[in-house]
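Taking it in order: structure first as structure tokens, then the write-up.
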Amino acid sequence: MKSTLILGIGASFLATGIIHAQKQQQTQQKTPNVILIYADDLGYGDLECYGAKRVQTPNVNRLANEGIRFTNAYATASTSTPSRYSMLTGEYAWRVPGTDIAAGNAGMIIRPERYTIADMFKNAGYATAAIGKWHLGLGDKTGEQDWNAPLPTALGDLGFDYSYIMAATADRVPCVFIENGKVANYDPSAPIEVSYEKNFAGEPTGRDNPELLYNQKPSFGHDMSIVNGISRIGFMRGGGKALWKDENIADSITTHAIDFVRSNKGKPFFMYFATNDVHVPRFPHDRFRGKSPMGLRGDAIAQFDWAVGQLMKTLDELGLTENTLIILSSDNGPVVDDGYADRAVELLGDHKPTGPLRGNKYSAFEGGTRIPAIVHWPKEIKKATVSDALVCQIDWLASLAALTNSRLPKGSAPDSYDYLNAWLGKDNEGRPWVIEQALNRALSVRTKDWKYIEPSAGAPLMPRENVETGYSRDPQLYDMTKEGEQNNQALLHPQVVYKLQGILAGARNK
Ligand code: NG6
Ligand code: CA
């Protein structure tokens, strides 16, 4: 009797202990949820908290006011595919052939065996998702996808439990969402065919049938298949009910992101939320038309901000805001005319998409790769901090692995280092150097004081985009403590050039 009583008390004590521990785990779950909000072509000067005056971005302002805003944060490249490749794998894209701007029918660029940031989170017990723009290929081989069947190589192989993505960009076919490796809302009455080589017999194109372009016309390029009254890059036929409507892309991906958060509110989750905004064709929903005096480009920024607000609202409602680490950034710098006649140039006014920086998307100059970056994690970081630390997206993998106490497999993420303290505002230095990749694969290296751009072939101007590339056959050295990239000082400081060339050579030969 006595012993039973003791046993009974012991058991109930034990049970209370377990319940208590479970509760604690729920309320004090140590490792936070992680959301990467990855905008497309959003520039250093495109947000109010970075000085924009002609567009309002209240939801991003909130993240900056409650978190850390970085002034020296970098994407690894000035275009999408290499930036995303590097960010998700922790390996510089310039080490790997076939990582330049991908066609919509490219095969999967990140091979299934490669360790990704999603693998890391999955192994750490997180639910994982990729939602929005993908642009890293799908299926086993370029051009050989059967879009009417499950794709053999998709994001499930890369550590993402759930995915709802656009295969490439909004201006590239196929114009359908892919959910867990299958076309979403697949329409069996309209089988999908895709080619980047030739048109399908009898199908109209933007070049031959401009009268069919009822939503937007190209300013250059983008004159192949017509979907939703907008001509694109590449040819496609079919799709039917599965074809997206450009005005609903932000709504679709935001809704799927919210659903993912809601259905995983009880466990830690990692979500890569990659918006289509503000890439071309810019075609925001009617609700955002006229939100800025800058026309569709400004309205697309407002739409991006709205999507951020919807996510925040969901986290607030679920009580998850406090322990969710949000990193908001962009894949590369901005460009104003990227090939559609959306009046972005005419309506720009005195808005400066790159803020004070020279160059744009595609460039070796800072405008190509220095991007907005904001970190929000109320539980751990100081409010309204501005950090000048030198940081790069290549380090997200190793830094977030440190956060989750993950050990990375040998040989994985070779270029990613743990700069968690810099990303959380606890270290104001960050990296000793950052490497930036331009469209022509020229590399630059930035230190706190200097920027070196290696010599490369290529025109100094992309005339259609009106973009200064920063390409030159001469080595370029700029003093970053003063005027930015204005006066080439390479001849004045040969020893600095030598040192920075050494950093590049060291990274290349690693
Ligand atoms: C360019 C496209 C541009 C954009 C870019 C990729 C033309 C004329 N230009 O080739 O519109 O799609 O590729 O942008 O086709 S990125 O942000 O995805 O890298
Ligand atoms: Ca981009």
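Couple of notes before you dig in:
- Checking each residue in the range 233-251 for being in contact (Cβ under 8 Å) with a residue 40 or more places away in the chain and away from ligand 2 (no atom under 16 Å from the Cβ) picks out Gly234, Phe235, Met236, Arg237, Gly238, Gly239, Gly240, Lys241, Ala242, Leu243, Trp244, Asp246.
- Residue in the range 446-465 that is in contact with an Asp or Glu (Cβ under 7 Å, 6 or more places away or on another chain), buried (at least 21 other Cβ atoms within 10 Å of the Cβ) and in a loop (DSSP other than H, G, I, E, B) present: no
- Cβ separations smaller than 7 Å between residues 6+ apart or across chains give no pair from the range 360-378 residues that are under 22 Å from Leu320 (Cβ atoms) to residues that are assigned to a helix (DSSP H, G or I) and of a type in the set (Lys, Arg).
- Ala129 in a strand (DSSP E or B), in contact (Cβ under 8 Å) with a residue 40 or more places away in the chain, under 30 Å from Thr31 (Cβ atoms) and not β-branched (Val, Ile, Thr): yes
- Residues (in contact with a Ser or Thr (Cβ under 7 Å, 6 or more places away or on another chain) and hydrophobic (A, V, I, L, M, F, W, C)) located in the range 88-102: Leu88, Ala93, Ile101, Ala102
- Set Phe273, Phe235: member being in contact with a strand residue (DSSP E or B) (Cβ under 7 Å, 6 or more places away or on another chain), closer than 23 Å to Glu197 by Cα and modelled with pLDDT of 95 or more: Phe235
- Failed item, numbered, when Val96 is tested on (1) among the β-branched types (Val, Ile, Thr); (2) more than 22 Å from His279 (Cα to Cα); (3) out of contact with any strand residue (DSSP E or B) (no Cβ under 9 Å at 6 or more places or on another chain); (4) surrounded by 24 or more Cβ atoms within 10 Å (Cβ to Cβ): (4)
- Evaluation of Gly367 against the conditions (1) within 12 Å of ligand 1 (Cβ to nearest atom); (2) not in a loop (DSSP other than H, G, I, E, B) shows that the sole unmet condition is (1).
- Residue in the range 218-235 that is loosely packed, with under 15 Cβ neighbours inside 10 Å and either among the basic types (Lys, Arg) or not in a loop (DSSP other than H, G, I, E, B) (or both) present: no
- None of Glu91, Glu113, Glu66 is within 17 Å of the chain's Cα centre (by Cα), away from ligand 1 (no atom under 16 Å from the Cβ) and on the phi < 0 side of the Ramachandran plot except Glu91.
- For beta carbons closer than 8 Å, sequence separation of 6+ or different chains, a first residue in the range 327-348 that is within 13 Å of Lys217 (Cβ to Cβ) and within 14 Å of ligand 2 (Cβ to nearest atom) and a second that is at pLDDT 95 or above and acidic (Asp, Glu), the qualifying pairs are Gly339/Asp171; Gly339/Glu465.
- Any hit, the range 38-47, residues being within 16 Å of ligand 1 (Cβ to nearest atom), at pLDDT 95 or above and either β-branched (Val, Ile, Thr) or closer than 22 Å to Asp415 by Cα (or both): yes
- Considering the range 148-215, the qualifying strands (runs of 3 or more DSSP E), each wholly inside and each with 2 or more residues that are within 16 Å of ligand 2 (Cβ to nearest atom) and touching a residue at least 12 places away in the same chain (Cβ under 8 Å), run over 162-166.
- In summary, Ala184 fulfils each of the numbered conditions (1) within 16 Å of ligand 1 (Cβ to nearest atom); (2) in contact with a strand residue (DSSP E or B) (Cβ under 6 Å, 6 or more places away or on another chain) with the single exception of condition (1).
The values are calculated or read from the model by the stated rules, or taken from the named source; none is laboratory data. This one's a predicted model, so the numbers in the text were calculated from it and none came from an experiment. Reconstructed Cβ throughout: ideal geometry from the backbone, glycine too, with neighbour counts over all protein chains shown.
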